[in-house]
Structures are given as C-alpha cells and as structure tokens.
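Have a look at the structure below before the remarks.
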Amino acid sequence: MKFLLQFILIMIPFCSFSQVITVSEHLSIRNDLQYELIGKLKDRYLIFRDKSNEYEIQAFNKQLQTTWNKKLEFDKKRVQITALVNESDKFHIFYTFKKKGKYFLKVQTFDPGANMIDSSLVWSYGQQFYPPNPQIKVSKDKKKLLIYQLKQQSKIEAFAYDIENYQAIWEMKFEPKDFNTYRDHKEWIINNDGTAFFITAKDNRKARKEDHHYLVYRCKSGLEQPAITNIHMKGKMTYDVKFEYDNLNKRLIAGGFYSEKSRGKTVGYFYLNANLKNPDNHVLKFQAFENEFMNKIMEKKLDQESKGVTDIAVKEIILRRDGGILLMAERKKHLERRLATAGRGYVGRDGSRYIVDYYYDDVFVTSIHPDGEMHWQTILHKKQYSQDDDAIYSSYFLMKTPSSLRFIFNDEIRRENTVSEYILEGDGSYDRNSVMNTDDQELQLRFQDAIQINSKECLIPSEHRNKLRLVKINY
C-alpha cells in the first residue's frame with residue numbers, strides 16, 4: 001500500500017489525457033563505462049551495463065521497479081563489446097577477445113532471464129599486432145549482420161553473418177579505387193537477404209562537380225569481388241545524403257541535399273531510386289527549395305546572392321510502401337569559443353581553454369513520391385541550446401506508428417524542462433502537444449538514446465548526477 005501511494009504521487013505530475021508516464025528509481029552509474037537499453041523481453045525491461053571489470057543485465061518490471069540483476073560471463077574478464085542485437089524473446093551480444101595471442105569475434109545468445117542459451121564463434125582474426133576494430137550493421141529484420149573493418153586506410157575486409165543459423169554467408173576483401181577515408185563519403189548497408197552495399201562519393205567538390213558520382217559496391221554470396229555500379233550526379237554537388245535499402249521494392253534509395261556553387265550551403269533536395277541489377281533503370285530527381293521555405297528555415301529574407309540553407313543534416317529516411325520516402329533533416333551547428341579565463345571548458349592542443357556551444361533547432365520533413373516529385377514539406381519548430389555536453393540531451397526521438405510519427409524532444413536543455421511532441425500525419429499536417437514536465441523530478445532525458453518498444457510505448461534513459469533512471473511513455 002505504501003509503494004502504491006508513492007507511485008500515484010510520482011505519477012500525478014506526469015499524467016495527461018493522452019499518455020501515462022512511469023519513472024524508475026535511481027541507479028548509480030558512477031563506475032559504469034557504458035550502458036545500453038535492450039528493450040522489453042516478455043514482461044521485463046532489460047538494460048546492459050558495462051561496469052569496467054564486469055558485465056551485468058538489469059531487469060525492471062512493468063512499473064519499472066528493479067526486479068533482478070545478473071552478471072554475464074564471457075571468455076575473458078575484459079572483452080570488447082561490439083554489438084547488441086535484441087529480438088522479441090532473446091538477445092545477442094557480439095564481442096571480441098584475445099586468447100593465446102589470437103583475436104576472435106564471438107556471439108552469446110541469452111533468453112529473457114539473461115540465461116545463456118547459445119554461444120558461437122563468429123570469426124577468427126588470427127594473430128595481428130593491433131586488436132581488431134570491427135564495425136557492425138544490422139538488417140531491418142535483425143536476422144543478418146554485416147561486420148567490416150578498414151585496414152591500412154584503404155583496404156576493406158567484410159563478411160555477412162546469419163544470426164538465426166550462426167554461420168557466415170560470405171566474406172570479401174577489396175580495395176576501392178582511389179578511396180580516401182578522410183575525404184570521401186562512405187556508407188554501409190545490409191539488406192534482409194544478406195547482400196551488403198558499400199557506397200562512396202567521388203569528385204564531390206566544386207572544381208570536379210561535373211564528374212561527381214557515387215560508386216556502389218554490391219557484396220553478396222557467389223561473388224569473389226563486389227559488383228560495382230556508377231551513379232552520376234548530373235553536375236550537382238552533394239551537401240549531405242543518407243542511403244537506405246527498400247526490402248519491399250528491392251531498390252537502393254537515397255535522399256539528401258545538393259549544392260551548385262558552394263558546398264557550404266544547399267539549394268534543394270535530391271532523391272535516388274536505383275535498381276542495381278539494371279543500372280540504367282533508376283530515378284534521380286533534383287528539386288530546388290522555394291524562396292519562402294528557405295526564408296523560414298534561415299529565419300530571414302535571403303537575397304539572390306545569399307540563397308541557400310546552411311547547417312542542416314539528414315537525420316533519417318522513412319521508406320514509404322510505394323517506393324517514396326520521408327526525408328528527415330535537422331538544423332544544427334557546433335561552435336567552439338576560446339576562453340580568456342581558466343577553470344572552464346576543455347584544453348586544446350595549444351593549451352588554451354575552449355567551450356563548445358551546441359545548437360539543435362528546427363526539423364523539417366519532405367515527403368517525396370517514387371518519381372522524385374515533392375508530395376509535401378513541413379517545418380517543425382524547436383530551439384535547443386547547450387554547452388559542453390556533447391549534445392546528449394538535444395535533438396529528438398522519432399516514434400513510428402501505423403497512422404503517424406511522433407517527434408519527442410526537450411523544449412530546453414536544462415534540468416527543469418518541458419517535454420513536447422509533434423504528431424505528424426500522413427498528409428503533412430501536425431499537432432504540437434506537451435508530454436510532461438520535469439520540474440523537481442531530477443530528470444534529464446536523452447531522447448537520442450531512446451528505444452521504441454511497440455506502437456504505443458517507448459523507453460527513454462535519464463542521466464542526472466551520475467544516476468540513471470528509465471522513463472516509459474505509454475500512449
């Protein structure tokens with residue numbers, strides 16, 4: 001009865017007519033190197049904790065009370081966790097370790113009670129001077145993994161792994177032509193069939209813009225070397241871009257922003273829909289921004305010489321069932337300031353002290369038809385400012401439901417704050433609502449690290465003075 005009364009008192013400041021907010025008790029993370037939300041398995045919410053010299057799974061019940069914690073045992077006392085992949089009834093932890101001078105990549109599978117139910121060697125790297133640094137991409141259905149690493153700054157070693165059957169699908173070593181990892185855009189994707197795509201941009205600069213193109217390296221079972229597709233950008237420069245694979249329509253999709261005179265600003269969006277088995281069968285559409293739209297984003301009237309949008313980045317691409325996309329972008333910038341006084345900020349290479357200002361402002365969404373024509377465009381206004389926090393409390397979390405998208409974010413980056421949301425409908429219309437207030441609650445919500453549990457529920461971590469709390473929103 002005492003707990004029930006406390007729970008009701010905690011819930012009163014958060015309740016509204018549209019959602020129920022549940023908050024867990026504090027967990028000290030002072031000695032944790034990292035943590036990661038796993039999600040909901042059966043009737044428990046799980047998080048993984050790396051506590052420097054031990055690893056632990058922490059469980060919470062539906063009321064976000066801690067119910068149990070369990071230590072995990074790996075091959076060595078200290079391993080390098082590379083990926084955590086969850087399913088509805090189990091989760092997998094991939095890690096590297098060294099044994100008798102050799103390095104290995106291994107996976108352990110656990111049930112909802114954090115009991116190990118399987119263990120498998122994924123890859124043997126053999127003896128090498130430096131420990132491997134594998135990067136991992138997961139397919140949309142969470143059944144296939146792409147594991148890759150760059151060696152000697154220009155050589156790529158990659159292989160695909162079938163999680164269900166615990167076996168490698170293919171492996172490949174190749175060296176992209178004239179590849180510069182510091183200069184060229186690079187992106188990896190793996191689809192539900194286990195085919196991977198390495199995409200890199202070439203000649204993306206003003207002096208060579210007529211030659212600007214993308215090379216798509218397709219890696220799959222049965223190929224000894226990647227199949228290469230060249231996609232020419234028709235004399236435009238890329239300002240920013242993100243690629244996705246459409247598993248439903250079997251197409252490689254890209255959405256981004258292009259530049260004409262200077263890569264310092266963008267003047268429009270572009271959309272790519274490519275069938276890599278038939279390189280001539282693709283859509284590449286460029287669409288200039290309207291003057292009114294640019295004025296709203298830049299918050300000033302632009303003249304002919306200053307036309308364009310700056311400080312924006314592609315945040316995410318949502319695939320439409322018809323082959324079109326929703327292109328999500330956010331306006332953000334980081335500014336360093338040199339300090340004349342000591343005691344604040346970080347110390348640069350020159351010995352001076354600096355502080356970093358983070359600005360995360362408006363989000364805009366463009367709905368694009370499969371032929372590249374614009375369906376609608378919407379600006380969702382917000383203003384977020386913080387200092388020296390790596391912007392961990394900024395930006396937003398996107399919750400996807402069958403009927404709408406919810407953009408949930410902190411109104412301001414401070415301890416006492418209002419959390420708001422935009423509910424975006426399929427026709428581009430939206431509503432803005434207040435979700436909760438964090439006054440006197442010791443909450444600082446990290447929305448970029450939130451996870452969606454189902455169509456009505458999400459889980460958000462909160463960090464405040466080295467204490468972790470979980471916040472659950474039920475719509």
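Each value in this text was obtained by applying a stated rule to the coordinates, not by laboratory testing. Please read all numbers here as calculations on a predicted model, not as lab measurements. Using ideal geometry, Cβ is built from the backbone for each residue, glycine included, and neighbour counts are taken over all protein chains shown.
Observations on the structure shown:
- Take the Cα of K76, go 7 Å toward its beta carbon, and the backbone nitrogen atoms of the range 103-118 under 15 Å from that spot belong to 103-107.
- Calculated FRET value between T66 and D411, using beta carbons and R₀ = 25 Å, to 0.05: 0.25
- Extension gain from K177 to T310, taking 0.36 nm per residue of separation minus the Cα-Cα distance: 44.8 nm
- Per-selection Kirkwood Rh - the chain (Cα, Å, 1 d.p.): 24.7 Å
- Members of K177/K315; K51/K137; K277/K307 lying beyond 31 Å, as alpha-carbon distances in this model show: K277/K307
- Available extension along the chain between E224 and I29 is 65.5 nm, counting 0.36 nm per residue and deducting the alpha carbon span.
- Compared with the alpha-carbon gap, the fully stretched path from E54 to K100 is longer by 14.4 nm at 0.36 nm per residue.
- If you wrap the tightest convex hull around every Cα atom of the range 239-391 and split its volume per residue, you get 162 Å³.
- Placing pseudo-labels 7 Å out from each Cα toward the beta carbon at N433 and K250 gives an inter-label distance of 4.1 nm.
- Mean residue ellipticity, 222 nm, helices only, the chain: the sum of -39500 (n - 2.57) across DSSP H runs of n ≥ 4, divided by residue count and rounded to 500, is -1000 deg cm²/dmol.
- Links that overshoot a 32 Å alpha carbon limit, given the list K186/K300; K76/K142; K100/K467: K186/K300; K100/K467
- Given K71/K99; K265/K296; K209/K383, the pairs whose alpha carbons are separated by over 26 Å: K209/K383
- Coupling constants for the range 407-415 follow from the phi torsions by the Karplus curve (6.51 cos²θ - 1.76 cosθ + 1.60, θ = phi - 60°), and in residue order they are 9, 10, 7, 7, 4, 9, 9, 7, 5 Hz; glycine and proline get x.
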